[in-house]
Amino acid sequence: MTARKERKRAARDSAAPPQPETVKAKPQRSVQLPITFLLDCDFDDLMRDNERISLASQITRCYSDNKNSLFRAHLTVCSFGGQLRKRFDTILTHYTGWRGVRFLDEDFILASEMAKGWMLGEGGRKGNGKENETKKTGIGANEQTIGAEGIEEAKAATKETKPNSEDKAESNRETQPQSQQSRKPETEGGQFKGVFSKYADLADSDKKKLQEEGEVVYLTSDSPHTLTEMKPYSTYIIGGLVDKNREKGICYKRACEAAGKCKAEGRKMEVKTAKLPIGEYLEMSSRKVLATNHVNEIMLKWLECGDWGEAFMRVIPKRKGGKLREEEEKAAQEEEDEDEAGVEEEGLNEDNDEVVEEAGETGNHEE
């Protein structure tokens with residue numbers, strides 16, 4: 001019995017010491033910036049069913065990428081209707097629980113004007129949500145919405161008039177699906193962090209000027225202008241369209257028409273167009289048209305690092321064969337240098353052969 005105890009004690013003593021528990025680092029909290037990414041979904045009638053399904057998946061990815069990004073934008077889906085909305089309301093119903101994203105019936109012109117309001121909110125606090133807080137009363141094309149004030153009135157009326165036991169049908173409405181309940185107010189404002197840190201110490205007068213200089217830019221590969229940087233209090237519009245490039249130039253045309261409309265109506269807002277600087281940073285082996293979620297992710301990466309080249313390389317799918325121009329030019333230069341070195345070496349060898357040949361001829365002559 002004693003021998004058994006000794007063996008157990010020896011085995012226990014020889015066992016490896018317990019490893020200290022590794023403390024997992026807490027994920028860094030996402031920081032809200034005063035910038036808006038607007039997904040323009042007013043192309044419902046131009047897409048097939050499978051393309052709408054693809055777009056819905058891309059919107060879902062945009063939400064996920066923005067939520068998990070180190071620096072996030074005010075993500076907004078506008079012109080949200082038709083069959084696309086029906087898919088969300090019937091299949092992707094969990095979208096009603098998403099935070100940090102707005103779904104609006106309004107077109108991108110009105111949505112861009114509304115964006116000014118939520119970007120100017122107080123430093124990331126919860127806003128009153130009046131811009132987008134809606135109560136859904138149906139599904140599909142016949143849906144109607146009431147504003148936040150109407151919701152408060154409805155809540156007050158509910159408190160005053162409690163359902164009795166005989167009115168079970170009315171009480172059951174309180175357990176209606178979340179898709180038919182009002183959305184919570186979204187975050188407003190934003191902080192000068194990340195690439196926007198350079199604006200943090202501006203005087204109040206300069207900050208006000210910065211707010212007034214906020215742009216509305218529709219991103220399209222057909223634009224003659226190139227986006228070099230993104231600015232605070234600006235709205236960047238991404239076309240929510242999956243059509244296998246059937247409708248060429250439609251986003252650029254839509255943006256130009258909107259610019260003309262704003263000017264004709266005397267609106268202060270000016271709609272500009274720009275394309276991402278893909279051609280300046282990447283050599284692409286395929287077409288430069290990117291999916292909606294890829295454009296969104298590239299811009300999120302730029303907000304994090306401030307470098308378009310790095311942002312492209314972290315997002316562009318490998319199947320598109322994207323390579324940095326600097327690397328391509330460096331490789332080409334190295335190849336050219338190697339070729340030149342080879343030519344020089346070949347010429348040197350030819351000179352040596354001629355010298356040897358001349359020496360041989362001289363030796364034969366002397367003999």
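Each label was represented as a point 7 Å from its Cα along the Cα-to-Cβ direction; for VAL289 and ASP45 these points are 2.1 nm apart.
Please give the net charge around ASP243, taking every other residue with its beta carbon less than 10 angstrom from that of ASP243, where Lys and Arg add +1 and Asp and Glu add -1. Could you put the intermediate results ahead of the total?
Values: positive: ARG48, LYS244, ARG246, LYS248; negative: GLU51, GLU247.
With Lys, Arg at +1 and Asp, Glu at -1, the neighbours total +2.
Given a Förster distance of 45 Å, report the FRET efficiency between GLU247 and LEU70 from their Cβ-Cβ distance, rounded to the nearest 0.05.
On the way: r = 34 Å, r/R0 = 0.76.
With R0 = 45 Å, the Cβ-Cβ based efficiency is 0.85.
Taking 0.36 nm per residue of sequence separation and removing the Cα-Cα distance, the ALA3/THR226 pair yields an extension gain of 72.0 nm. With neighbour counts taken as other beta-carbon atoms within 10 Å, the residues LEU210, LEU303 rank, fewest first, as LEU210, LEU303.
The calculated FRET efficiency for the pair GLU310 and LYS268, based on their C-beta separation and a Förster distance of 30 Å, comes to about 0.25. Residue order for ILE59, ILE316, fewest other beta carbons within 10 angstrom first, comes to ILE316, ILE59. Among ILE237, ILE298, ILE53, the ranking by other beta carbons within 10 Å of each residue's beta carbon, starting with the fewest, stands as ILE53, ILE298, ILE237.
Coordinate-derived values only; no laboratory data. No experiment lies behind these values; they were computed from the predicted model shown. Positions of Cβ are backbone-derived with ideal geometry, glycine not excepted, and every protein chain shown enters the neighbour counts.
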